[in-house]
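A short worksheet on the structure shown next.
No lab work stands behind these numbers, since they all come straight from the coordinates. Computed from a predicted model, the values in this text were never measured in an experiment. Don't worry about glycine lacking a Cβ; one is built from the backbone with ideal geometry, like all the others, and counts go over all protein chains shown.
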Amino acid sequence: MNKQFKSKSQFALALSEFKRSRRGIVCLAILGILYFGAIFADFIAPYTYDSEARDYSYASLSKVHFVDENGRFSWPFVRELSFNFDEYHKRTYVEKDNTKCYFHLFNKGDAYKLLGLLKTDRHLFGVDSPGRLYIMGADVRGRDIFSRLIYGARISLSIGLIGVSISFTLGLLIGGVAGYYGGKIDNIIMRLCEMFMMVPGFYLMLALRSAVPDSFNSFQVYLAIVVILSFIGWASLARIIRGMSITLREREYVLAAKAAGVSDLKIIIRHILPHTVSYSIVAIMLSIPGYILGEAALSLIGLGIQDPIASWGNMLSDAMAIAHIQMHPWILMPGFMIFLTVICFNVVGDTLRDCLDPLLRGEVDGA
Amino acid sequence: MLLEIKNIKKSFYQKTGVFGENRSCVKAVDNVDLVINQGENIGLVGESGCGKTTLARIVLRLLKSDSGSILFNGVDITKGSSAKLKHARRNMQMVFQDPYSSLDPRFTIENIMEEGFTLGKGEWCSKSTRRERIFETFAAVNLNRDILERYPHEFSGGERQRIAIARSLVLNPKLLILDEAVSSLDVIIQKQIVDLLADLRKRYDLTYLFISHNLKVVQKICQKIAVMYKGKIVELASADDIFKDPLHPYTKELLAASVEYRSVKGSAKIEFNDEMRLVDMGRNHFLLK
Ligand SMILES: Nc1ncnc2c1ncn2[C@@H]1O[C@H](COP(=O)(O)OP(=O)(O)OP(=O)(O)O)[C@@H](O)[C@H]1O
Ligand SMILES: [Mg+2]
C-alpha cells in the first residue's frame, strides 16, 4: 500500500459525505451564524437587552433616511419620534422634524464586557442618541427586539446544547451500564427509565419546575431549567443505548478487551459507547429542538426565564394576545427564530442520518 | 500442571413461547474435566455447537460457570480476589474465532496492541519499551512495522488474525487458547498460520489449547486431542491414538466425516447419563463410559 493513502476511520469517510448535501450545509451555516451571534451578542446588538425607552413603546421598524430635507443624499440617519393617541388609544408615532441621529458603524453605546473580558462600549452599529434604531421594531417598553433576540439566542441556544450534553452523558452511561451488565442491574434501570417515560414530558416539566424555590436568581433558574429539561430527555436515550450495548457486548473485541484485563467501565466507554456514536449524533441533533421548545414553553407561560432577561420564549409571551399580533406583528420575530432554529437542527440531523446510515446499519447488525 | 479444569458446568436458559412461559435449557458444557500440562498442546474438537467456545470463555472467566473450578498453576481462579484472576489472565490469553470481529474497528492497530499491555503496565511502563515489544511480536508473526496507524478494516482476514495473535502474545503468556483461530481462513493462509503457531510455540515456550472442528489442523499442532460432543468430553487421548484407534462412536464419525468425507451410522444413538465418567482404557486413552 502506498504512503499517500491516508488511513481514515470509517466515521471520517461518512462525514465527508455530509459536505455533498447542500441543504445540510446551508442549515449548518445558519446555525453557525446564530451561535456566532449569540456569543458576540453584546457587540452585535445595538442596545443591551434591558435598555428601555418608554416613549418608544411598540415603535415600528425605524425609517432610515438617505435623503435630507433639501433633497440631497446624506449619510443615513433616523429621526426622533413623538407620539399621539388615535381613537383606539393606540399610540401613533410621527417623526420630529429637524432631528437627525446619524447612523454609525462601531457606534458608542452602553458599556459591556466583550466575552466577559474586554471592557468596551463599542457596538457593531447604532445611531446617535437620543434617536433609537429599531431594525425589528420595539416591544412594550421600547426595548429593541433585534437586540433582545440576539441576547435571547444566548439562552435559547445554549439551553439546547447544555441540556443535551447532560442528558446524553446520563443516557449513554446509564444505558451502557444497563446493557453491558444485564440481569438485575439492567432490570432496575429499565424500570426506572419507564417511570420517567410514562409521565408526559410537559407535566413532568411543570411538576419539577414547581419544586424550584422562588428565591432563585435568574441564573439559578436558568440552571434549574436546564437540569429539568435534561432530566426528561435521558430515559428514552438510555433505553436505546442499552439495546445497542446488549448486541455490542457480545462482540469479540469486547471479550478480547475483557481478557486483556481492561476494566468494565473502560470497556463501556472505549468499546461500547463509541459504536453507538453514529446513532447518538443523529439523536442529539434531532433532540436539541426539544430542549429549545421546552424552554420556550416554560418561559412562554411565565415559569422560565424572567423578564428583563431575554429568551425567545418569554419574548413570545408578549404575542399571546391576538390584538398585539395584529397591531405589532414584529413581536412574532422570536417565534420565527425558534422555527428557524428547530428546522435547521432537524435538517442537519436528517442529513447526518443519511450519511451515517450505512455505518449505523453495519454497527448494529454486525460486521 | 498448568491448567486444571474440574467439573465445569454451564447451561443456558432460553425463554420460549409468546410470554416466555417455557424455559428451555441448553447444557453447553456438562461436567468437563481437563488437565493441560506445560508444553503439551491439547486440541479440542467437536461439531459446531458442542460447547467449545463456551468452555474456552469459562476458562478465561469471560463467562461464569454454573459450578466447578479452574486452577491455573494450582490457584483456583473461580473464587476469591480479582488479583488472582488478573495474574492468571496475564499468563493466559485467547485468540478469538472471528478475526473480523475481534479487533475493534474504531481502534488503530496501535491502540489495539496497547490494550494488550493493560495487565502489564507495571513492567512495560514507558511507551518506547512497549513500542519495542510490539515490534518484536510483529516480527514474530510476520507483520510489517508500519501498520500501527492503520485501522482493522484495511487488512485481510489472515493479517487480522496475525494481529490478534500478536496482541495476545505481547505479555508473554504461558497458555494460549486459540478458538478456531484458522477456521475462517482459506487453506493457504491456514497453513501459514499453523506453521507460524508451531514456530511461535518453540520460540516462546507456549502451550496451546487449540479449538477446532478441523481434525487435520489439530493433528499438526497438538500432542493430545479431546473430543467433545454435546457439552461432554467423550474421548481424550494422544493425537496418534485418536487417529489410529478411535474408540468412541462419535470420534469415529467425526474422523470419517472430516478426513474421508464419509458418514458412519450409529452416532444418532449416542446417549448420556449422569454417571458416565472418563475411564482409562490403557495407554492414557480415556473414554466416556
Ligand atoms: N449466550 C448464549 N445464550 C444462549 N445459548 C448459548 C449462548 N452461547 C452459547 N449458547 C449455546 O451453547 C451451545 C454451545 O455453543 P458454543 O458457542 O460453545 O459452540 P461451539 O462448539 O463453539 O460451536 P462453533 O464450532 O460453531 O463455534 C450452543 O448450543 C449455543 O446455542
Ligand atoms: Mg465456537
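Just to confirm the number: angle between the C-alpha axis of helix A:333-365 and the first principal axis of chain A, 0 to 90 degrees, nearest 10?
20
When the Kirkwood radius is taken over all Cα pairs of the protein assembly as shown, what Stokes-Einstein diffusion coefficient follows at 25 °C and 0.890 mPa s, in µm²/s?
Details: Rh = 30.4 Å.
For these conditions, the coefficient is 81 µm²/s.
What does the structure give for A:245-255 when I average, per residue, the other chain Cβ atoms found within 10 Å of the residue Cβ? Mind dumping the intermediate values first?
Working: counts 0, 0, 0, 0, 0, 1, 6, 14, 13, 4, 9.
The shielding value for this peptide is 4.
Rounded to the nearest 500, what is the 222 nm mean residue ellipticity of the protein assembly as shown from helices alone, with -39500 (n - 2.57) per DSSP H run of 4+ residues and division by all residues?
Values: 22 runs with 300 residues, N = 656.
Calculated from helices alone, the mean residue ellipticity at 222 nm is -14500 deg cm²/dmol.
Under the Kirkwood approximation applied to all pairs of distinct alpha-carbon atoms, what is the hydrodynamic radius of chain B in Å? The partial results should precede the final answer.
Numbers: mean 1/r = 0.0498 Å⁻¹.
Averaging 1/r across every pair of different Cα atoms and inverting gives 20.1 Å.
Within chain B, what is the longest stretch that has no GluC sites (Glu not before Pro) placed in a DSSP loop and near at most 13 other beta-carbon atoms within 10 Å? Let's see the in-between values first.
Details: sites that count: B:Glu21, B:Glu123, B:Glu149, B:Glu271, B:Glu275.
It runs B:150-270.
Magnitude of the Cβ-charge dipole of the protein assembly as shown, K/R +1 and D/E -1, about the Cα centre, nearest 20 debye?
Working: 80 positive and 67 negative charges, 338 e Å.
I would put it at about 1620 debye.
Among the Cys residues of chain A, which have no other cysteine Cβ under 4.7 angstrom away?
Lone cysteines by the Cβ rule: A:Cys101, A:Cys193, A:Cys355.
Would you mind checking which residues have amide H under 5 Å from B:Ile177's amide H? H placed 1.01 Å from N; only 5 or more apart, or other chain.
Those qualifying (amide H under 5 Å, at least 5 residues apart or on another chain) are B:Gln93, B:Met94, B:Val95, B:Leu209.
Share of antiparallel DSSP beta bridges in the protein assembly as shown, in percent to the nearest 5? Don't skip to the end; give the middle numbers.
Details: 47 of 64 bridges.
Beta bridges within the protein assembly as shown, antiparallel portion: roughly 75 percent.
Based on other C-beta atoms within 10 Å, arrange B:Tyr100, A:Tyr151 from fewest to most. Before the final figure, lay out the partial values.
Values: B:Tyr100 17, A:Tyr151 27.
Listed from fewest to most nearby Cβ atoms, that is B:Tyr100, A:Tyr151.
Below 22 Å Cα-Cα, how many Lys pairs turn up in the range A:55-143? Only count pairs eight or more apart in sequence, or on different chains, if you could.
Values: A:Lys63/A:Lys90; A:Lys63/A:Lys96; A:Lys63/A:Lys100; A:Lys63/A:Lys108; A:Lys100/A:Lys108; A:Lys108/A:Lys119.
For the range A:55-143, qualifying lysine pairs total 6.
In peptide B:144-152, how many Cβ atoms from other protein chains are near each Cβ within 10 Å, on average? Don't skip to the answer; put the middle values down first.
Numbers: counts 1, 0, 2, 2, 0, 2, 4, 4, 1.
What the average comes to for B:144-152 is 2.
Could you give me the ³J(HN,Hα) list for the range A:291-296, computed from phi with Karplus coefficients 6.51, -1.76, 1.60 and θ = phi - 60°, whole Hz, x at Gly and Pro?
Once θ is set to phi - 60°, the couplings for the range A:291-296 become 5, 4, 5, x, 4, 4 Hz.
Just tell me which lysines come within less than 18 Å, Cα to Cα, of B:Lys191; anything on the same chain fewer than 8 places away is out.
In chain and number order, the partners are B:Lys202, B:Lys216, B:Lys220.
With respect to the cross-link table entries A:Lys184/B:Lys79; A:Lys258/B:Lys252; B:Lys86/B:Lys244; B:Lys27/B:Lys121; A:Lys266/B:Lys27, which display a Cα-Cα separation exceeding 30 Å?
Details: A:Lys184/B:Lys79 21 Å; A:Lys258/B:Lys252 37 Å; B:Lys86/B:Lys244 41 Å; B:Lys27/B:Lys121 38 Å; A:Lys266/B:Lys27 32 Å.
From A:Lys184/B:Lys79; A:Lys258/B:Lys252; B:Lys86/B:Lys244; B:Lys27/B:Lys121; A:Lys266/B:Lys27, over 30 Å: A:Lys258/B:Lys252; B:Lys86/B:Lys244; B:Lys27/B:Lys121; A:Lys266/B:Lys27.
Could you pull out the chymotrypsin sites (Phe, Trp or Tyr not before Pro) across the range A:29-81 that fall in loop regions by DSSP (anything but H, G, I, E, B) with no more than 11 other Cβ atoms inside 10 Å?
none
Only loop residues by DSSP count here, and only those with at most 11 other Cβ atoms within 10 Å; note down the chymotrypsin sites (Phe, Trp or Tyr not before Pro) in the range B:3-41 that meet that.
Values: sites: B:Phe12, B:Tyr13, B:Phe19; in loops: B:Phe19.
Here the sparse-neighbourhood loop sites are B:Phe19.
Which far-off residues, 5 or more places away or on another chain, put their amide H under 5 Å from the one on B:Leu44, with H placed in the peptide plane?
Excluding prolines and chain starts, which carry no amide H, the hits are B:Phe210, B:Ile211, B:Ser212, B:Ala226.
Could you give the angle, 0 to 90 degrees to the nearest 10, between helix B:157-169's Cα long axis and the longest principal axis of the Cα atoms of chain B?
Tilt relative to chain B: about 80 degrees.
Counting other C-beta atoms within 10 Å, which of B:His213, B:His153 has the fewest, and how do the rest follow?
With the fewest neighbours first, B:His213, B:His153 line up as B:His153, B:His213.
Averaged over B:103-111, how many beta carbons belonging to a partner chain fall within 10 Å of each residue's beta carbon?
Partner-chain Cβ atoms within 10 Å, mean over residues of B:103-111: 5.
Kindly give the semi-axes, whole Å and largest first, of the ellipsoid equivalent to chain A, taking each as the square root of 5 times a Cα gyration tensor eigenvalue.
Numbers: eigenvalues 486, 126, 55 Å².
Values for chain A, descending: 49, 25, 17 Å.
Could you bin all the Cα-Cα distances of the range A:228-367 into 5 Å bins starting at 0 and give me the percent of pairs in each, rounded to whole numbers?
Cα pair-distance distribution for the range A:228-367, in percent: 2, 9, 14, 14, 14, 11, 9, 8, 7, 5, 4, 2, 1, 0, 0.
Rounded to the nearest angstrom and ordered from largest down, what semi-axes does the equivalent ellipsoid of the range B:7-122 get from its C-alpha gyration tensor (root of 5λ)?
Working through the eigenvalues yields semi-axes of 28, 21, 16 Å.
If you split all Cα-Cα distances of the range B:1-40 into 10 Å bins from zero, what percentages do you get per bin, shortest first?
The distribution over the range B:1-40 is 27, 28, 22, 14, 8, 0, given as percents.
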